[in-house]
Structure formats: C-alpha cells, structure tokens
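None of the figures in this text is laboratory data; all of them are computed from the coordinates on show. Predicted model, so just to flag it, every value in this text is computed and none were measured. When we count neighbours, we look across all protein chains shown, and the Cβ atoms used for this are built from the backbone with ideal geometry, even at glycine.
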C-alpha cells in the first residue's frame, strides 16, 4: 500500500474538501460560550421536560475542531516553501481571493498555478495524519 499508485484527482479533491473548510474549522475551534437560559441553566429544557446536552455538544465540537485545526497546521508546517505559499493563498489567507487573482499576483500562468497547486495538495495529503487524505487507485 505504501507504494501503490495514488489516485491524484480524488486525493486533491479530499484536500480541497478539508482545506476549503479551514476558516469554519478555525471559527469552531474558538467558538463562543453556550447560551444561558432564563433559569440560568446551560442545559435548556425541551417541552418534554428532558434536557439537551448543548454544553456537552459544544465542548465536543470545540475539541474535535481544535484537534482538526492542529492536524492541519502540523501538516502545513511539513510542506516546502512553494507548497505552503500555494495553499496559503488558496485556502488559509484571511483575504480570500479567486484563483485568477492569485496566479496574476504570483506572475505565473494559469496552467503553472494549477500544476503547482496540485503538487502542493498531494504533498499536504501525504503530511496530513500520515496520509489519511490519500486515495489509491484500485487495480482491476
């Protein structure tokens, strides 16, 4: 499996799916505190008298988001300088830009931009959780 052929399109799609949600993950990791009800309970009551565990759900989501964010940062820090740059401008920068703005700012062609972005996505997939995002081709 270590040297099986990587399905690059699916792998890049996996990376795109994760990193395009980077800002949502970041917000969830630093989400605000749960709402307090009129009875000063953080366990709101439903009409049935049962309580929902919104605080528990909040804490669980925050922990999962924080772990995921740390894994993204760990993988990102393993990348080469150019790969970091490509992924930063595409997914991580606060001032999100369109692809054409990025390759124009970098003064490279559209084809070069997408080729290098694809390499960066594969590199990220290899680094994220020891290759969790990598998809392998299935042999017939």
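What is the order of 136, 89, fewest Cβ neighbours within 10 Å to most?
Details: 136 15, 89 20.
Listing 136, 89 from fewest to most nearby Cβ atoms yields 136, 89.
For a Förster distance of 22 Å, can you work out the FRET efficiency between the beta-carbons of residue 100 and residue 20, rounded to the nearest 0.05? Calculated transfer efficiency: 0.80. Taken along the Cα-to-beta-carbon direction at a fixed 7 Å, the label points for residue 57 and residue 9 span 3.8 nm.
FRET efficiency for residue 64 and residue 85, Cβ-Cβ distance as r, R0 = 25 Å, nearest 0.05?
Details: r = 29 Å, r/R0 = 1.14.
Once the sixth-power term is evaluated, E becomes 0.30.
Ordered by the count of other Cβ atoms within 10 Å of each Cβ, fewest first, 114, 91, 17 give 17, 114, 91. Computed extension length for residue 112-residue 132: 4.5 nm, one decimal, from 0.36 nm per residue of separation with the Cα-Cα distance subtracted.
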